[in-house]
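**Q** Once you've had a glance at the structure underneath, I'll fire off some questions.
Every number here is computed from the coordinates shown, using simple stated rules; none is lab data. A quick note: this is a predicted structure, and the numbers were derived from the prediction, not measured. No Cβ is skipped: glycine too gets one built from the backbone with ideal geometry, and neighbour counts run over all protein chains shown.
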Amino acid sequence: MPDATDILGNPLTEAEQKLLAAYRTLESLSGEELAPTAKAGVAEATACLWQVINNLGLTDDRPAC
Amino acid sequence: MSGSPYWNPKTETLPKDQLRALQGHRLKKAVERAYHTSAFHKALFDDAGVGPDDIQSVDDIVRLPFTTRDAWMDNQAANAPFGEMCAVTPDEAIRYHTTSGTSGRTPLRVLDTRTDWKWVSEMWCYGFHGFGVRPGDRVFFAFSYGTFIGFWGAHYGTEKMGCLVLPSGNMNTPNRVELIRELEATVVCATPTYALRLGQEAENLGIDLPNSSVKRLILSGEPAGSIPASKKMVEEQWGAKAADTAGMTEIGTIMMFECEQQPGGTHIIEDHFIEEVINPETGEPVDYGEQGERVVTSFGRSAIPLVRYRSRDLVMKVPHTGCSCGRTFDIYDGGIRGRVDDMLLVRGTNVYPRAIEAIVREYPAVDEFQIYLWTKDGIRDEIAVRCEVRPGFGDQWSGIAKQLQSDLSHNTEGLGIHVQQAEAGSLPRFELKAKRVLDERHVKGASHA
């Protein structure tokens, strides 16, 4: 079930929901068997997108990379 | 939204009660993470009889013990090379750095993960964007890179923002000035001291900086970025606006920045840090408007959790309402005002190097200076300000020196401070943190002559 609010309890905007979904997609890819190019790219993209969802206070998650 | 003056409008303008709720939430998570991933912190918290469950809101922070540099250094020495503060293994990290620091026996060694590095850069983006830097700006870094963390994060932050980054790691001062001119840099990043040095070099080379492409300077690494007289000198020399920022290797980035409104201080990035101000003697919190030691808790860096770290920096916090920019982030009036351990005791009088600099920089005749201390006849402490005189002021120097001596004496409870003329080019120049105090009171036979 998608998150409905940020960590302060404010409803997520449509853009915030999309950002969070994109982050979750990247996170789910990190556990997959990927080519080195994909693995490194996913880790880099996850770290980048985490800054956004962290800045916007969308989740407490923290990536392992 | 893309035209926003704020890098992160959502949190930079958050009502204060919500900002505190956010800090409380992140504090709890940071303490949980530190407790479970850093052996240093687990031992520290266990010794203090406090654990993650004791932290429910930002007010609970006072239940946590302070972290000190000495404890960190001792732990690193006992568990070389990285110590138990570090919450990741070298295999999980992507970069190694050390402190440069104006104090300390040996450097602190830090490791950062990929996510940490993005966060380090992100903090710089708050500062650069907040001072009006935008995609398309050409940002020159007068910085040697290396293992000192310095402007590394700013380099990546401005790349992320879409600026054209101009690094100058292996260049000397004249070459840097030439490159700034040739590539039409619009923003220059340097320590305040080195910004002045670049300005002097431009004069020597006949380059007209006030009419150059440079519109902004981002200063960091020394308190001078918020000393009005020093900042004014930099701004006049460059014909550009200068913003102060301040950070530390222990957190890997900046925790405060000056916005375009230039309120006479720096906004604390309060969605990523809790900054407390305490009496350095008692450890008790001080009120708004009182000077004290800043204590930092950082939420962003996973490899180096930092909880209630005593910075030894002297600051004075004032409410965010002191600035008209709309941010709800409180302000350190005057930026970093010095170091707790900077104070010099001369014949019973407290002397702060920052206060000396604030006076000396009101004198455009002074090109560079040094504070020199020695013991006269083996018993009496003496202090002198050695000044290199700017070309063109030699004839007037005698009168200027008298006035400077009087101003220094007036601002140090009548302490007699000598003013000495130093030979042009004889005093050290600095690219990183300036060290302008030469204390030879312990050196037998030292004198000002």
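**Q** For A:43-53, what's the mean count of beta carbons from other chains sitting within 10 Å of each residue's beta carbon?
**A** On the way: counts 4, 3, 0, 3, 8, 6, 1, 5, 10, 3, 0.
Average neighbour count from other chains, rounded to a whole number: 4.
**Q** Quick query: amide H of B:ILE254 versus all other amide H atoms, modeled in the peptide plane; which residues come in under 5 Å with a sequence gap of 5 or more or a different chain?
**A** B:TRP124
**Q** Ranking request for peptides B:220-229, A:27-36: highest mean number of other beta-carbon atoms within 10 Å first, then the rest in descending order. Show your work: numbers first, answer last.
**A** On the way: B:220-229: 23.6, A:27-36: 11.1.
In descending order of packing, they fall as B:220-229, A:27-36.
**Q** Alpha carbon centre of segment B:40-72 versus segment B:101-173: separation in Å?
**A** About 30 Å separates the Cα centre of segment B:40-72 from the one of segment B:101-173.
**Q** How do B:311-321, A:14-24, B:265-275 rank on mean C-beta neighbours within 10 Å, highest first?
**A** Ranked by mean Cβ neighbours within 10 Å, highest first: B:265-275, B:311-321, A:14-24.
**Q** In addition: Starting from a Cα-only point model with no solvent, please compute log10 I(q)/I(0) by Debye for chain B at q = 0.08, 0.10, 0.13 1/Å.
**A** Those come out to -0.47, -0.75, -1.24, one per q.
**Q** Continuing with this model, one more query. Quick one: which of B:LYS232/B:LYS433; B:LYS231/B:LYS435; B:LYS241/B:LYS402; B:LYS118/B:LYS435; A:LYS39/B:LYS118; B:LYS16/B:LYS317 span more than 22 angstrom between C-alpha atoms? Don't skip to the answer; put the middle values down first.
**A** Working: B:LYS232/B:LYS433 19 Å; B:LYS231/B:LYS435 18 Å; B:LYS241/B:LYS402 32 Å; B:LYS118/B:LYS435 31 Å; A:LYS39/B:LYS118 17 Å; B:LYS16/B:LYS317 15 Å.
Check vs 22 Å cut-off fails for B:LYS241/B:LYS402; B:LYS118/B:LYS435.
**Q** Once phi is turned into ³J(HN,Hα) by the Karplus curve 6.51 cos²θ - 1.76 cosθ + 1.60 with θ = phi - 60°, what whole-Hz value does each residue of segment B:259-265 show in order, with x for glycine and proline?
**A** The phi angles translate into 8, 5, 6, 6, x, x, x Hz.
**Q** Charges at C-beta only: +1 for Lys and Arg, -1 for Asp and Glu. How large is the resulting dipole of the protein assembly as shown about its Cα centre, in Debye rounded to 20?
**A** On the way: 53 positive and 71 negative charges, 145 e Å.
Approximately 700 debye in magnitude.
**Q** On alpha carbon coordinates alone, what is the Rg over Rh value for segment B:323-449, Rh being the Kirkwood radius?
**A** On the way: Rg = 16.5 Å, Rh = 16.1 Å.
My calculation puts Rg/Rh at 1.02.
**Q** Just tell me how shielded B:14-23 is by partners: mean number of partner chain Cβ atoms within 10 Å of each residue's Cβ, no decimals.
**A** Working: counts 3, 0, 0, 0, 4, 1, 0, 4, 4, 0.
Mean number of neighbouring Cβ atoms from other chains: 2.
**Q** May I pose another question? Using only the Cα atoms of the protein assembly as shown, what semi-axes does the equivalent ellipsoid have when each is the square root of 5 times a gyration tensor eigenvalue? Give whole Å, largest first. Walk me through the numbers on the way to the answer.
**A** Values: eigenvalues 331, 148, 91 Å².
Listed largest to smallest, the semi-axes of the protein assembly as shown are 41, 27, 21 Å.
**Q** Which whole-number percentage describes the relative contact order of segment B:253-366, with Cα contacts under 8 Å and a sequence gap of 6 or more? Can you show the working numbers first?
**A** Details: 206 pairs, mean separation 24.6, N = 114.
Relative contact order comes out at 22 percent.
**Q** Divide, for segment A:14-55, the radius of gyration over alpha carbons by 2.2 N^0.38 Å, where N is the residue count. Before the final figure, lay out each step's value.
**A** Values: Rg = 10.6 Å, N = 42, 2.2 N^0.38 = 9.1 Å.
Working it through for segment A:14-55, the quotient is 1.17.
**Q** Here's something else I'd like to know. Give the peptides B:281-293, B:347-359, B:142-154 in descending order of average Cβ contacts within 10 Å, highest first.
**A** Numbers: B:281-293: 13.2, B:347-359: 17.5, B:142-154: 21.2.
The peptides rank, most packed first, as B:142-154, B:347-359, B:281-293.
**Q** Would you mind classifying segment B:103-187 by shape? Square roots of the alpha carbon gyration tensor eigenvalues, ordered a ≥ b ≥ c; an a/c under 1.5 is rounded, otherwise it is prolate if a/b is larger than b/c and oblate if not. Working shown, then result.
**A** Values: a/c = 2.42, a/b = 1.23, b/c = 1.97.
Since a/c reaches 1.5 but b/c is at least a/b, the shape of segment B:103-187 is classed as oblate.
**Q** Right, something else. What does the charge count near B:THR186 come to, summing +1 for each Lys or Arg and -1 for each Asp or Glu among other residues with Cβ under 10 Å from its Cβ? Kindly include the intermediate steps, with their values, before the conclusion.
**A** Working: positive: B:ARG134, B:ARG138, B:LYS215, B:ARG216; negative: B:ASP137, B:GLU184.
So the surrounding residues net to +2.
**Q** Could you name the aspartates and glutamates whose alpha carbon sits less than 12 Å from that of B:LYS215, not counting residues in the same chain fewer than 8 places away?
**A** Result set, ordered by chain and number: B:ASP137, B:GLU184, B:GLU235, B:GLU236.
**Q** Only counting other Cβ atoms within 10 Å, I'd like B:GLU236, B:GLU201 sorted with the fewest neighbours first.
**A** Details: B:GLU236 14, B:GLU201 19.
Ordered by Cβ neighbours within 10 Å, fewest first: B:GLU236, B:GLU201.
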